[in-house]
Amino acid sequence: MIQSNPFGTPIVIVAHGPFPTHSIPLRVIDEACTLICTDGSADIIINSGNHPHVIIGDQDSTKLDAETFKGLWIPAPNQEKTDLHKALDWCAANHMDIVTIVGAAGGRDDQTQANISLLSEYLPEMKITLVTDDSTISCHVGNSAFVSFKEQTVSIIGNGSITTNGLKFELNKQKLQHPSHGISNTSNGTTFEIESKEPVWVYRAHPE
């Protein structure tokens, strides 16, 4: 196991889902110093003009091979986990505590839900952000502050006591009464805060 992270930051995982089209996730890819691709997403990244530094997965959907790939090739044949799950495990084992994911939403609904649920598995050691064509999604426990903009749509999903500061409809040590209770709130300004005792998923919509 690597005892420190030798990879440049920002670290971005590209999942093998629909390739993003919005400027925000595309900029995340372009600004990455380390691109970790899950299997066949490496081919898509190369076609987009970028270069993967790491390829991890069961290697059954990429046209690349270990002999010619100029990067770190990591076979991970475990069929009990998705390639994204394997990539996050590898990042955790190698002390990569801040990671952004793209390409993990917009395809099959069950896969999208599983990918979003994964964010809670690595709390509190890792800070993982999933960026889609619609929003930036993250999972938090404890006190968390967020960069925002006035009237940004903010949705909160989770259980347990939640307190907010800086949103139009505030929560004060309250539990969400039903799954849609925390949907479509709005930010009052450039930042907001959330305190929770249990994991909460926070969705921040991109500017229109």
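The values are calculated or read from the model by the stated rules, or taken from the named source; none is laboratory data. Computed from a predicted model, the values in this text were never measured in an experiment. So basically every Cβ, Gly included, is an ideal-geometry build from the backbone, and we count neighbours across all protein chains shown.
Observations
- Top-ranked residue of segment 22-31 - restricted to ones that are of a type in the set (A, V, I, L, M, F, W, C) and out of contact with any helix residue (DSSP H, G or I) (no Cβ under 9 Å at 6 or more places or on another chain), ranked as surrounded by the most Cβ atoms within 10 Å (Cβ to Cβ): V28
- Segment 88-120, residues that are without any contact (Cβ under 8 Å) to a residue 24 or more places away in the chain and in contact with an Asp or Glu (Cβ under 8 Å, 6 or more places away or on another chain): none
- Note on segment 35-54: residues that are part of a helix (DSSP H, G or I) and either hydrophobic (A, V, I, L, M, F, W, C) or over 18 Å from the mean Cα position of the chain (by Cα) (or both) total 6.
Conditions (1) under 17 Å from G40 (Cβ atoms); (2) modelled with pLDDT under 95; (3) of a type in the set (A, V, I, L, M, F, W, C), marked per residue:
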{"residue": "D60", "(1), (2), (3)": "yes, yes, no"}
{"residue": "K63", "(1), (2), (3)": "yes, yes, no"}
{"residue": "K70", "(1), (2), (3)": "no, yes, no"}
{"residue": "A76", "(1), (2), (3)": "yes, yes, yes"}
{"residue": "E80", "(1), (2), (3)": "no, yes, no"}
{"residue": "L84", "(1), (2), (3)": "yes, no, yes"}
{"residue": "I98", "(1), (2), (3)": "no, no, yes"}
{"residue": "A104", "(1), (2), (3)": "yes, no, yes"}
{"residue": "N115", "(1), (2), (3)": "yes, no, no"}
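- Criterion (hydrophobic (A, V, I, L, M, F, W, C) and either exposed (fewer than 13 other Cβ atoms within 10 Å of the Cβ) or touching a residue at least 24 places away in the same chain (Cβ under 8 Å) (or both)) met by exactly one of L176, L123: L123
- Any hit, segment 7-21, residues being in contact with a Pro (Cβ under 9 Å, 6 or more places away or on another chain) and surrounded by fewer than 14 Cβ atoms within 10 Å (Cβ to Cβ): no
- Selection within segment 68-120 - surrounded by fewer than 16 Cβ atoms within 10 Å (Cβ to Cβ) and in contact with a Leu (Cβ under 8 Å, 6 or more places away or on another chain): none
- Screening the candidates A114, A76, A92 for the property of being of a type outside the set (D, E) and within 24 Å of P20 (Cα to Cα) yields one hit, A114.
- Residues located in segment 132-165, provided they are surrounded by fewer than 18 Cβ atoms within 10 Å (Cβ to Cβ) and either part of a loop (DSSP other than H, G, I, E, B) or of a type outside the set (S, T, N, Q) (or both): D133, D134, V141, G142, A145, V147, F149, K150, E151, N159, G160, S161
- Positions within segment 184-208 being assigned to a loop (DSSP other than H, G, I, E, B) and loosely packed, with under 14 Cβ neighbours inside 10 Å, in sequence order: S184, G189, T190, P207, E208
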